[in-house]
Amino acid sequence: MEMSVDISLYPLSDDYIPAIQEFIDRIANVPGILIKRNDLATQLFGDYDIIMDVLRDEIRRSWETHGKGIFVIKFLMDDLRGLADT
C-alpha cells in the first residue's frame, strides 16, 4: 500500500536547524521514499511499511540525539504527490 506523509519537526532547543537537517538527510538516504521539502514541512511518498519503519527509527534517533522535539505528522493513504498540480 502506498502512502503520503506530511511531517514537521520542532526541536525544543535554540540550535534547531541541525536536528531538522539530520532527520531529513537520513530519510532521504532510504531507497523507496521520495521526499519533497518546503519551508514549513517535508512530504514523504512511498510504501507504507518502509515509511512507517523508517519514521519509528528516525523519530527515536532524533529524540535520543537532540533531546525533546515535537513532531506534527499527517498520514494519507495513497501516493498523492502532484495532487495540488491538478
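Quick rundown of the values:
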read-out: Options PHE23, PHE75, PHE71, PHE45: the member that is part of a strand (DSSP E or B) and over 16 Å from GLU2 (Cα atoms); value: PHE71
read-out: Residues that are of a type in the set (Phe, Trp, Tyr) and at pLDDT 95 or above, drawn from region 5-56; value: TYR10, PHE23, PHE45, TYR48
read-out: Enumeration of residues in region 14-23 that are surrounded by 13 or more Cβ atoms within 10 Å (Cβ to Cβ) and more than 17 Å from MET52 (Cβ to Cβ); value: TYR16, ALA19, ILE20, GLU22
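The values are calculated or read from the model by the stated rules, or taken from the named source; none is laboratory data. Just so it is clear, the structure is predicted and the values come from calculations on it, not from any experiment. With ideal geometry, Cβ positions are generated from the backbone for all residues, glycine too; neighbour counts draw on all protein chains shown.
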